[in-house]
Amino acid sequence: MSPSKIVKKSALKKPKPGQKSISTFFKSPQQLPTPTSSPLSASPTQSQPHEEPRKSTISPPKQMTQLYLANLGSATRTTIHCSTCQMQYNKIDPNDQKLHKIHHTSILHGPLFSKPSNTSSLHTISSSLLSRGSVVVISRSSPREIQKRGVKILETIDLALGAPVNLDRTHFFPRDGKIFCLLSEEGRIISLVAAERIEFAYRRIANETNGVETARDKVNAVMGISRMWTCIAERGRGHCRGLLDECLGGFVWGVNVRKEYVAFSTPSESGMAVARRWCGREDFLVYEE
């Protein structure tokens, strides 16, 4: 049989049932169904049930009424200013209430000052000039913990006197500052005088008011009285004047400072009365902190 005949017979041979022809492998693949042509979606010609549009159920916003609590009186105010201890606190805050109670008691009866376990580190002197208690002196030779407690007490006194509470006292003790405290038997500081080293002051111009007007000329000074204070329950007993006398002999070691070299740091109204009586003159010295 010739080769031409063989080719002719194979070309006429039909494929078996179920067998794909070779031409089917070269056909382009069918297009994947898209969401619009998905078999699961309804046919375009298929009728859809008619639905009526839903009515909007959103109600119009209600009109709001703004309350101005400031017009309702002092009952709505939570910040209170205590006229006795000069502290402002929140009356509905438990922490503020606790702090106010401690500060208020300190101003009435004196802040607590517990003695350290090592009593030798606390400089205590017995004074015949004072009617009760003992005098505790806090200076730069005191332990650091005692100095911190002394500064904390000064901050309490600043708040009670209405003095600036942001004073930088980091140099108070390094500059020979001393705090003379009258300590009661109950362990409370009932009176206090804080003295610091100064070089000059100004002479107050005597007048009938409690104002502080000074001359421009500088006057030599040695000791400046930064703070003097007595708790409310102990006032009128001469505690501050007694502590001022202790300062004269205890501020500079081995030297008694004379009153004419002592100045006061812008005293309050009650401090003016103490300064006048202790100095024995209206034109006492005044200095700026």
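Only residues in segment 249-264 that are hydroxyl-bearing (Ser, Thr, Tyr) count as the first member; pair them with residues that are part of a loop (DSSP other than H, G, I, E, B), Cβ under 7 angstrom, at least 6 apart or cross-chain, and list the lot.
261/221; 261/222
Quick one: what pairs do we get from segment 70-92, first residue of a type in the set (A, V, I, L, M) and modelled with pLDDT of 85 or more, second assigned to a loop (DSSP other than H, G, I, E, B) and surrounded by 10 or more Cβ atoms within 10 Å (Cβ to Cβ), C-beta under 7 Å, 6+ apart or different chains?
Sorted first by the residue in segment 70-92, then by its partner, the pairs are 80/91; 92/78.
Could you list, ordered by first residue, the pairs with Cβ atoms under 9 Å in which the first is in segment 101-113 and more than 11 Å from residue 189 (Cβ to Cβ) and the second is of a type in the set (Ser, Thr, Tyr) and assigned to a helix (DSSP H, G or I), at least 6 apart or interchain?
103/156; 107/156
Can you say whether residue 244 is surrounded by 14 or more Cβ atoms within 10 Å (Cβ to Cβ) and closer than 11 Å to residue 201 by Cβ, as far as the supplied structure shows?
For residue 244, the condition - surrounded by 14 or more Cβ atoms within 10 Å (Cβ to Cβ) and closer than 11 Å to residue 201 by Cβ - is not met.
For segment 114-143, which residues satisfy the criterion of being outside any helix (DSSP H, G or I) and either free of Cβ contacts under 8 Å to residues at least 12 places away in the same chain or not assigned by TED's automatic domain parsing to the domain that holds residue 227 (or both)?
117, 118, 126, 128
Filter segment 180-189 down to residues that are in contact with a Leu (Cβ under 9 Å, 6 or more places away or on another chain) and either farther than 25 Å from residue 280 by Cβ or not aliphatic (A, V, I, L, M) (or both), then give me how many there are.
Residues meeting the conditions: 6.
I'm trying to understand the selection: among the residues of segment 97-113, which are assigned to a helix (DSSP H, G or I) and closer than 17 Å to residue 155 by Cα?
Passing the criteria: 99, 100, 101, 102, 103, 104, 105, 106, 107, 108, 109.
Which of the residues belonging to segment 247-280 are part of a loop (DSSP other than H, G, I, E, B) and either outside the structural domain of residue 236 (by TED's automatic domain parsing) or of a type in the set (Lys, Arg) (or both)?
258
The values are calculated or read from the model by the stated rules, or taken from the named source; none is laboratory data. Bear in mind the structure is a predicted one, so any value in this text is a computation, not a measurement. Quick reminder, even Gly has a Cβ in these numbers, built from the backbone with ideal geometry, and neighbours come from all protein chains shown.
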